[in-house]
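The values are calculated or read from the model by the stated rules, or taken from the named source; none is laboratory data. As the structure is a computational prediction, the values presented were derived from the model and not from experiment. Here the Cβ positions follow ideal geometry from the backbone for every residue, glycine too, while neighbour counts run over all protein chains shown.
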Amino acid sequence: MSRYVLRRLLIMVPVIFGISLVLFTILALAPGDPFEELATNPNVPPEVRMNLRAKFGLDDPLPVRYARWLTSMARGDWGFSFVSRVNVETLIMQRLPTSLFVLGTAQLLGLLIALPIGTYSALRPYSIFDQIATTLAFIGFSLPTFFTGLVFILVFSIWLDWLPFIYRADIAATGWRWWWEHARQAAMPVAVLGLFQGATLTRFVRSAVLDVIRLDYVNTARAKGLSEGVTVVKHVIRNALIPVVTLVALQLPGIFTGAVITEQIFRVPGIGSLLISSILANDTPVIMAITFVFSCLVVIFNLVADLLYGWLDPRIAYR
Amino acid sequence: MSVATAPAARLVRSAVPRTSLWRDATRRFRRHRLAMVGFTVLLALVAAVLVGPYVYRVPINEIDFKAKLKGPSRAHPLGTDDLGQDLLARVLYGGRISLAVGVVAMLISITIGTSIGAAAGQLGGATDHTLMRITDLFLSLPQLPLLLLIVYLFRNALTKWLGPEAGVFILVVAVIGGLRWMPVARLVRAQFLSLREREFVEAARSLGAPPLRQVIRHILPNALGPVIVAGSLDVAAAIIAESSLSFLGLGFPPDIPTWGRILYDAKDNLDFAPHWALFPGTAIFLTVLSINYIGDGLRDALDPRKVLGAK
């Protein structure tokens, strides 16, 4: 087991290396100059600008700049935010837990919707239930999150006035009251993301269960007198989950897209909304770091998927 | 002799209806009811967007403060925005750009994906290995953040060079297409690996067809089915990607009202002008939904393993 994890960790290194190379190439190819503002400012003499460029090594050859950027990223020195004058890593660490909380809850909600509905649909294919569920799933994943978000605000905040549409990290309350306020403000972002995920996953689960349900060992399980519930949970779902886990992992980069948008709509103080505000403020170090963090999250969750995969399918074994 | 056989041959030909892969596929596609509904809706939307601005001749940028934030009325069928600009005209015009972005980005991603998949599947060996590692790498890149990063870094230069409309269009289309080719590459590669060993390709090879001809005349046409399905779904995904960008305020500039951009402008006025957001949002939803259903129908139609009669 530990050797398997170690091997998977070692495979992650070249991927992260590759991602960093892609990001750096984009940055290096980009036109423009981080000191452009100084260039147009008449109060700053050109020598100061030249000195700054030399200090930050902007005139060095590209491989040198890449090596320096990579080593400082690896050391955890991600530079300063141009705008808020704070270390980029502290800024991101402040925001990351909120993002992970919303994303994780939404993903959980999606699975809680998709697993029972997808399985039940597949057990009775082309029944009324299946047709309704499939149609709703189709509608669900065709609805872009930015539109559902706006519709939710319109219905639940403006018309019904049930839920707040601004997410606040600092709720002035304690105990149950704090939990209640927190649940209320997280309800809409989590629901928007979770329903979208649920719709997508329902289709996956349904087709995965349909693939499994016709196999011989399911017949065997029924023939030897296992109850329907045990057959479905222990024999069908467990095997159907194997492709579902892969698909969930492959989908992750897409989930972050939804996360950035919902954070922006509901003003959730996570790294997604930080990314947007940094872009609007031309805060390059923060933008680079957040894109890198998102990439790393994808790689880490792929690792988690691989580990789950081994647990669900002992044939894969932790070789 | 020829006098005797000619009518007979004609008889045979008329007795057996001619079928081809495409005719079969069309027949199967038509049997998918929802796909046909989707196809009709999409056709109507495309027609409205293409012809609409010539029939409905209200300018998209005529400012009229007396009529601002009004709901649907006879003068403005979809209402007006905060500057009193007519929303129907803006939605029709924006649809052109949204749909064009979808189609062009799809063409780019299909072209890149097919080329890379074909090269990997046909050449094999180290080329295959390298290309697939690159594909995996691109698959683990988070799309929207990267999209935002690239648009942020390159937008000014391109707009300076090509003007705001063309510059942003090319940038958005290239980046969306350039980040969505990976599934197509994998599909095409898998098709190539199995088709390469089939008898008809072997026959072409033994007749002395050069590799390029084998690929273009024999393998590619047979690998096209899944690519078409993926392509149709890519149009929807690209439309959503462009709308997301514009919705975040980082896509097209305000004077080019794509559907996402209208939503971005509308989102702060939800409480007193909900129609402003609902119409463009519904337009995006309907387009994406019908394209997804078409993709579903195409999958049924172009996948010969699937027997629809069994349903």
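Things worth noting here:
- Taking the stretch B:265-291 as the range and being more than 23 Å from A:Arg267 (Cβ to Cβ), surrounded by 21 or more Cβ atoms within 10 Å (Cβ to Cβ) and of a type in the set (Phe, Trp, Tyr) as the test, only B:Phe279 passes.
- Helices (runs of 4 or more DSSP H) (entirely within the stretch A:221-315) containing at least 3 residues that are under 23 Å from A:Gly118 (Cβ atoms): A:238-266, A:284-312
- Checking B:Asp234, B:Asp255, B:Asp268 one by one, the residue that is acidic (Asp, Glu) and without any contact (Cβ under 8 Å) to a residue 24 or more places away in the chain is B:Asp268 and no other.
- A:Ile261 being over 30 Å from B:Arg186 (Cβ atoms) and either surrounded by fewer than 21 Cβ atoms within 10 Å (Cβ to Cβ) or not basic (Lys, Arg) (or both): no
- Single unsatisfied condition, B:Gly231 versus (1) small (Gly, Ala, Ser); (2) outside any loop (DSSP other than H, G, I, E, B); (3) buried (at least 24 other Cβ atoms within 10 Å of the Cβ): (3)
- When B:Ile216, B:Ile262, B:Ile256, B:Ile294 are checked against the criterion of being assigned to a helix (DSSP H, G or I), modelled with pLDDT of 80 or more and either surrounded by fewer than 24 Cβ atoms within 10 Å (Cβ to Cβ) or within 9 Å of chain A (Cβ to nearest Cβ) (or both), a single residue qualifies: B:Ile216.
- Any hit, the stretch A:265-279, residues being charged (D, E, K, R), within 23 Å of A:Thr90 (Cα to Cα) and under 20 Å from the mean Cα position of the chain (by Cα): yes
- Residue, nearest to the other protein chains (Cβ to nearest Cβ), within the stretch B:123-139, restricted to residues that are surrounded by fewer than 19 Cβ atoms within 10 Å (Cβ to Cβ), of a type outside the set (A, V, I, L, M, F, W, C) and closer than 15 Å to B:Leu187 by Cβ: B:Asp136
- Screening B:Gly251 with (1) buried (at least 22 other Cβ atoms within 10 Å of the Cβ); (2) facing chain A (nearest Cβ under 8 Å); (3) outside any helix (DSSP H, G or I) gives one miss only, at (2).
- Restricting attention to the stretch B:144-182, the residues that are assigned to a helix (DSSP H, G or I) and either closer than 19 Å to B:Ala236 by Cβ or touching a Cys at 6+ places or on another chain (Cβ under 6 Å) (or both) add up to 11.
- Residue pairs meeting the criteria (Cβ under 9 Å; at least 6 apart or on separate chains; first within 12 Å of B:Leu88 (Cβ to Cβ), in the stretch B:52-63; second in a helix (DSSP H, G or I) and among the hydroxyl-bearing types (Ser, Thr, Tyr)): B:Gly52/B:Tyr93; B:Pro53/B:Tyr93; B:Ile60/B:Tyr93
- Count - residues of the stretch B:110-143 that are over 27 Å from B:Ile240 (Cα atoms) and not in a helix (DSSP H, G or I): 1
- Lone unmet requirement of (1) without any contact (Cβ under 8 Å) to a residue 60 or more places away in the chain; (2) within 14 Å of chain A (Cβ to nearest Cβ); (3) surrounded by 15 or more Cβ atoms within 10 Å (Cβ to Cβ); (4) more than 18 Å from the chain's Cα centre (by Cα) for B:Asn222: (2)
- Some residue of the stretch A:113-134 being hydrophobic (A, V, I, L, M, F, W, C) and within 13 Å of chain B (Cβ to nearest Cβ): no
- Among the criteria (1) part of a loop (DSSP other than H, G, I, E, B); (2) under 30 Å from B:Val235 (Cα atoms); (3) of a type outside the set (Lys, Arg), the one A:Val192 does not fulfil is (1).
- Within the option set A:Thr246, A:Thr262, being in contact with a Pro (Cβ under 8 Å, 6 or more places away or on another chain), in contact (Cβ under 8 Å) with a residue 24 or more places away in the chain and of a type in the set (S, T, N, Q) holds for one residue only, A:Thr262.
- Matching entry among A:Phe165, A:Phe129, A:Phe146 (being touching a residue at least 40 places away in the same chain (Cβ under 8 Å) and in a helix (DSSP H, G or I)): A:Phe146
- Residue list for the stretch B:86-96, filter: buried (at least 22 other Cβ atoms within 10 Å of the Cβ) and closer than 22 Å to B:Asp268 by Cβ: B:Asp86, B:Leu87, B:Ala89, B:Arg90, B:Val91, B:Gly94
- The condition of being at pLDDT 80 or above and in contact with a Leu (Cβ under 6 Å, 6 or more places away or on another chain) does not hold for A:Ala191.
- Residues of the stretch A:135-150 that turn out to be more than 15 Å from B:Leu34 (Cα to Cα) and either of a type in the set (Val, Ile, Thr) or more than 8 Å from chain B (Cβ to nearest Cβ) (or both), as a count: 4
- Residues being of a type in the set (Phe, Trp, Tyr) and within 17 Å of B:Ile256 (Cβ to Cβ) - total across the stretch B:168-200: 1
- Candidates B:Gly167, B:Gly163 - the one that is more than 17 Å from the chain's Cα centre (by Cα) and at positive phi: B:Gly163
- Taking the conditions (1) touching a helix residue (DSSP H, G or I) at 6+ places or on another chain (Cβ under 7 Å); (2) surrounded by fewer than 16 Cβ atoms within 10 Å (Cβ to Cβ) in turn, A:Ala223 satisfies each one other than (1).
- Scanning the stretch A:274-290 for residues that are hydroxyl-bearing (Ser, Thr, Tyr) and surrounded by fewer than 24 Cβ atoms within 10 Å (Cβ to Cβ) yields A:Ser277, A:Thr284.
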